[in-house]
1. Return one number: the angle in degrees, 0 to 90 and rounded to the nearest 10, between the long axis of the Cα atoms of helix 5-18 and the longest principal axis of the Cα atoms of the chain.
2. For volume of the Cα convex hull per residue in Å³, which listed value, (i) 91; (ii) 113; (iii) 104, comes from the coordinates shown?
3. What angle do you read, to the nearest 10 degrees and between 0 and 90, between the alpha-carbon axis of helix 30-41 and the longest principal axis of the chain?
4. For the modelled label position 7 Å from the Cα of residue 74 along Cα-to-Cβ, which residues of the range 115-131 have backbone nitrogen atoms closer than 12 Å?
5. Write down the Kirkwood hydrodynamic radius of the range 76-130, to one decimal in angstroms, obtained as one divided by the mean of 1/r over all alpha carbon pairs.
6. If I take R0 = 25 Å and measure r between the Cβ atoms of residue 97 and residue 37 in this structure, what FRET efficiency does the formula 1/(1 + (r/R0)^6) give, to the nearest 0.05?
7. To the nearest µm²/s, what D does Stokes-Einstein give for the range 5-63 at 20 °C and 1.002 mPa s, using the Kirkwood radius over alpha carbon pairs as Rh?
């Protein structure tokens, strides 16, 4: 059992990218499924599927590479951790790489990108940044 499941998910994706795998399996939770949904909507992964293998669910994340076999995801960084939560109001949500990357937040209206939270005037917990 891990103490930080989101960090575990990001580490599994990061390791799979370094090993040039086409997909990676991650234990499922509602929050992880929402993070995978945002990664797909923003074009960082090809797709994801929630598979039931016995009593446990897993998320199959299909990784995306450019034509020269370079990964689309350059960096995954966990921001808010169980030992040090990081919250931001809608004015304080950071721009990642000057707008080229995304930050993923949990807000009162659900999990969304920093750009969407700023547009809606919502703040929340900054889960991670992807570049």
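1. 60
2. Matching entry in (i) 91; (ii) 113; (iii) 104: (ii).
3. 90
4. 130-131
5. 10.9
6. Details: r = 22 Å, r/R0 = 0.87.
So the FRET efficiency works out to roughly 0.70.
7. The calculation lands on 189 µm²/s.
Throughout, read-outs are computed from the coordinates displayed, never taken from laboratory work. Bear in mind that the values here come from a model prediction, so they are computed numbers and not experimental data. Using ideal geometry, Cβ is built from the backbone for each residue, glycine included, and neighbour counts are taken over all protein chains shown.
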